[in-house]
Amino acid sequence: MMMDQRSLSAGVTHTSNGEKLVRPVGQFECTIHRVATAQVGEDLAVELFAILGAALTTLGVSVAAQDRALVRAQQLGTPPRVSGPLLRNMRGLSEMLRAWSKEADYLDPAGRPRVLSIAGPGMTFQSLAERFLPGVALAVVVESLCARADVAIRPGDRIALLGGVFVNVADSPAHVLAHGIRQIDQLLATLLHNAAARQGGVGEGRTERMLIGVITSNQFDDLARELKPQIAAFLERIESAVEPRRPRSSQSLHEATAVSVGVYVSRDDDWERAGIDAAAFVKPAAQGPDRR
């Protein structure tokens with residue numbers, strides 16, 4: 001089942017001449033509706049805070065620390081910039097691996113990432129580190145990649161990229177939380193942008209879609225394994241569309257913006273929380289011919 005906000009945003013009313021009009025539900029002016037919406041909004045806020053609180057507790061943030069954080073957050077006009085800077089080096093590591101795996105200067109004649117000299121001028125690991133992680137000590141970059149990616153030291157002070165370009169950010173609770181915050185922030189920004197675009201009738205909406213399906217529990221792991229290469233291939237196609245649009249000069253960099261495309265596979269065994277009527281997803285039995 002594919003969903004987006006528009007699928008639930010239309011209502012029907014009639015003009016004095018009996019003509020039918022379809023317009024967003026949010027445009028109806030109804031006091032009872034506004035009161036009910038206010039209560040639902042508060043209930044949704046409770047659900048959101050409970051979800052976030054449980055996640056924070058799981059990641060080691062104490063209840064007392066959460067209470068202090070909520071008070072501090074309520075005193076701010078804009079959210080602080082914590083998650084982005086915390087992940088900046090991780091993104092630099094990821095960009096290093098992408099350049100190493102794709103740019104011709106770092107590939108061997110067979111198109112595979114070359115085993116690089118760690119230090120020195122030219123097309124070395126040091127040149128990649130200085131390009132994507134300026135100011136970070138070379139030894140720190142080497143240690144970080146060996147710990148978080150499919151990278152290994154080779155004899156003769158060389159280093160090899162053995163597999164994919166995935167950088168593991170789950171090495172610490174802080175990185176996991178920062179990664180989650182960035183995704184939540186980006187998703188909410190897209191949802192709010194789309195709501196404003198529809199209500200104001202101006203501007204172009206941004207893509208936001210969710211696929212919801214129901215499968216038997218013992219098939220989840222198999223499905224996740226099947227989807228993994230498909231998602232990787234999809235993101236590679238997205239990257240090929242992004243790459244030609246990268247800024248090519250310092251001037252164009254000042255006018256640039258960051259674009260994010262996120263894909264994840266989730267599992268939810270709580271039907272009510274998921275908002276799913278499971279019975280509707282049961283495949284109907286094959287019907288035999290009508291012999292009446």
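The values are calculated or read from the model by the stated rules, or taken from the named source; none is laboratory data. From a predicted model like this one, the values you see are computed outputs, not experimental measurements. Methodologically, a virtual Cβ is constructed for each residue, glycine included, from the backbone with ideal geometry; neighbour enumeration extends over all protein chains shown. Please note that ligands, DNA and RNA were not included when accessible areas were found on the heavy atoms of the full protein model with its side chains. Shrake-Rupley method; radii C 1.70, N 1.55, O 1.52, S 1.80 Å.
3J(HN,Hα) along region 122-134, derived from phi through the Karplus expression 6.51 cos²θ - 1.76 cosθ + 1.60 where θ = phi - 60°, amounts to x, 7, 10, 4, 4, 5, 5, 4, 5, 6, 9, 9, x Hz, with x in place of Gly and Pro. Each Lys and Arg contributes +1 and each Asp and Glu -1, all at the Cβ; summed about the Cα centre of region 128-279, the dipole is approximately 580 debye.
Distant-in-sequence amide contacts of VAL151, defined by a placed amide H-H separation under 5 Å and a gap of 5 or more residues or a different chain, comprise LEU162. For region 173-239, with all protein chains in place and a probe radius of 1.4 Å, 60% of the accessible heavy-atom surface sits on carbon or sulfur. For region 128-174, the relative contact order is 26 percent, taking Cα pairs closer than 8 Å that sit 6 or more residues apart in sequence and dividing their mean separation by the residue count. Work out the charge dipole of region 108-199 with +1 on the Cβ of Lys and Arg and -1 on the Cβ of Asp and Glu about the Cα centre, then indicate which of VAL169, LEU192, VAL136 is farthest towards its positive end. The Cα lying farthest towards the positive end belongs to LEU192.
Report, to the nearest whole %, how much of the accessible area of region 44-156 belongs to carbon and sulfur atoms, 1.4 Å probe, protein only. Could the numbers behind the result be given before it?
Numbers: 4320 of 7140 Å².
Using a 1.4 Å probe with all protein chains present, region 44-156 comes out at 60 percent carbon and sulfur.
Pulled fully out, how much extra length does the chain show between ALA160 and PHE234, if you take 0.36 nm times their separation in residues and subtract their Cα-Cα distance?
Numbers: separation 74, 0.36 × 74 = 26.64 nm, distance 2.60 nm.
Going from the current span to full extension adds 24.0 nm.
Annotation: per residue accessible area for region 111-182 equals 54 Å², rounded to a whole number [probe 1.4 Å, protein chains only]. Put a dot 7 Å past the Cα of ALA256, heading toward its Cβ, do the same for GLU204, and the two dots end up 2.1 nm apart.
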